[in-house]
Amino acid sequence: QVQLVESGGGLVQAGGSLRLSCAASGRSFAGNAMAWFRQAPGKEREFVAAISWNGLSTDYADSVKGRFTISRDNAKNMEYLQMNSLKPEDTAVYYCAISPVRYIQRNTYNYWGQGTQVTVSS
């Protein structure tokens, strides 16, 4: 059974940093693109970042570009999101997701984690 478990969320002051991790189990996802999404209270879930199967291509939402870095470790079946210069508007539940394809895209993901809360205080 496929399972994605996020960790690393928490409460941080504006300007601070957090590193989210996503551990995948049940099968190898070395051949799949992976991504992070987030959902703030009262808002729809939105794309944050994606990384191709080999880590060579990445994509970021404009709102996080230059502040967040997505990475992966295929040997460990792990995905990461380094978040720097955090802002109160980054407050949300963050979800990792796995794509059915190798290349990066923003729309189709078939495996999801349960999310980790990130709260940025002003």
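The values are calculated or read from the model by the stated rules, or taken from the named source; none is laboratory data. Quantities reported herein were computed from a predicted structural model and do not represent experimental measurements. Cβ atoms come from the backbone with ideal geometry, glycine included; neighbour counts cover every protein chain shown. With ligands, DNA and RNA removed, areas are computed over all heavy atoms of the protein, side chains included. Shrake-Rupley method; radii C 1.70, N 1.55, O 1.52, S 1.80 Å.
Considering the alpha-carbon set of segment 48-98 alone, what are its Rg and its Dmax in angstrom?
11.3, 34
Taking the DSSP beta bridges in the chain as the whole, what percent of them are antiparallel, to the nearest 5?
The antiparallel proportion sits near 90 percent.
When all protein chains stay in place, what accessible area (Å², nearest 10, 1.4 Å probe) is found for Trp36?
0 Å²
So if R0 is 25 Å, what FRET efficiency would Gln13 and Asn54 give, r being the distance between their Cβ atoms, rounded to the nearest 0.05? Intermediate values should be presented prior to the final figure.
On the way: r = 36 Å, r/R0 = 1.42.
About 0.10, to the nearest 0.05.
Work out the P(r) tail for segment 11-68: percent of alpha carbon pairs separated by more than 17 Å, whole number.
Values: 866 of 1653 pairs.
That fraction is 52 percent.
Answer with one residue from Ile98, Ser63, Gly15: the one whose Cα lies farthest towards the positive end of the charge dipole of the chain, charges on Cβ with Lys, Arg +1 and Asp, Glu -1.
Ile98
How big is the charge dipole of the chain about its Cα centre, in debye rounded to the nearest 20, if each Lys and Arg gets +1 on its Cβ and each Asp and Glu gets -1 on its Cβ? All intermediate terms of the calculation are to be shown ahead of the outcome.
Values: 12 positive and 9 negative charges, 32 e Å.
Roughly 160 debye for the chain.
Using 0.36 nm per residue, how much length does the chain from Glu44 to Gln114 gain when fully extended, once their Cα-Cα distance is taken away?
Details: separation 70, 0.36 × 70 = 25.20 nm, distance 1.56 nm.
Full-extension gain reported as 23.6 nm.
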